[in-house]
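The values are calculated or read from the model by the stated rules, or taken from the named source; none is laboratory data. Here the structure is a predicted model, which is why all the values come from computation and not from measurement. Cβ placement follows ideal geometry from the backbone for every residue including glycine, while neighbour counts extend to all protein chains displayed. These accessible areas exclude ligands, DNA and RNA; they are computed on the full protein's heavy atoms, side chains included. Shrake-Rupley method; radii C 1.70, N 1.55, O 1.52, S 1.80 Å.
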Amino acid sequence: MADQPFLTDIKTLRERARQHIENGAVTEGYRADRETVIKLLNEALATEIVCTLRYRRHYFMASGINAESVAQEFLQHANEEQGHADQIAQRIVQLQGEPNFNPDGLLTRSHAEYVEGATLIDMIKEDLVAERIAIDSYREMITYLGNQDPTSRRMMEGILAVEEEHADDLVNMLQKMG
């Protein structure tokens, strides 16, 4: 192991960088199955879009004695989910894929469901279920990505941390509301 250099020699790095420059960030060193990663990221994108839409509906439909503070939490979560969607779409483009924003099939691509909920408690519970789905599916994506695509893995790890925070917020809301 000591005989192998830590880094490819500079001349080789420079030569490889000039090959296939049209591939941008996807260099010869990219080890993941790009098509599979783009498919997974498009599923995550659909999940984030569905969650954004559901949270936005819940924001506008929240009513009752606790509605104002809960609605503000819904709005904050909706905005954060939209930010995740934007990050994911940008990464798909970096990988020379196309982010799928087509509403046709959105719910079949999404891991989370779009359930409206009739009461404030129902809305919170449905959002919590969706967060739990995202947490599990994103954790599996992170494991799949491993060291083959560390950039996508780190992005999904950051998104996962926020989804876990959302789940914690929602559990706290349910506990406060009895």
Answer yes or no as to whether ASP86 is over 15 Å from the mean Cα position of the chain (by Cα) and loosely packed, with under 14 Cβ neighbours inside 10 Å.
no
Mind telling me which of the residues GLU140, GLU126 ends up being farther than 20 Å from HIS58 by Cβ and open to solvent by 40 Å² or more (accessible area, probe 1.4 Å)?
GLU140
Scan segment 18-32 and give yes if some residue there is farther than 30 Å from GLU126 by Cβ, exposed (fewer than 12 other Cβ atoms within 10 Å of the Cβ) and of a type in the set (A, V, I, L, M), otherwise no.
yes
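Rundown of residues vs (1) polar (S, T, N, Q); (2) at pLDDT below 95; (3) more than 30 Å from ASN172 (Cβ to Cβ); (4) out of contact with any Leu (no Cβ under 7 Å at 6 or more places or on another chain), yes/no style:
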{"residue": "ALA67", "(1), (2), (3), (4)": "no, yes, no, no"}
{"residue": "LEU75", "(1), (2), (3), (4)": "no, no, no, yes"}
{"residue": "GLY97", "(1), (2), (3), (4)": "no, no, yes, yes"}
{"residue": "THR108", "(1), (2), (3), (4)": "yes, no, yes, yes"}
{"residue": "ALA112", "(1), (2), (3), (4)": "no, no, no, yes"}
Any hit, segment 132-153, residues being modelled with pLDDT of 95 or more, part of a helix (DSSP H, G or I) and over 18 Å from the mean Cα position of the chain (by Cα):
no
Residues in segment 106-119: is at least one open to solvent by less than 20 Å² (accessible area, probe 1.4 Å) and under 13 Å from GLU43 (Cα atoms)?
yes
Taking ASN102 and the conditions (1) in contact with an Asp or Glu (Cβ under 8 Å, 6 or more places away or on another chain); (2) exposed (fewer than 14 other Cβ atoms within 10 Å of the Cβ); (3) over 19 Å from GLU126 (Cα atoms), which numbered condition does it fall short on, given that it satisfies the others?
(1)
Identify all residues within segment 143-162 that are surrounded by 13 or more Cβ atoms within 10 Å (Cβ to Cβ), closer than 29 Å to ALA71 by Cβ and free of Cβ contacts under 8 Å to residues at least 40 places away in the same chain; write none if there are none.
LEU160
Find the residue count for segment 97-127, including only residues that are within 17 Å of SER152 (Cα to Cα) and part of a helix (DSSP H, G or I).
0
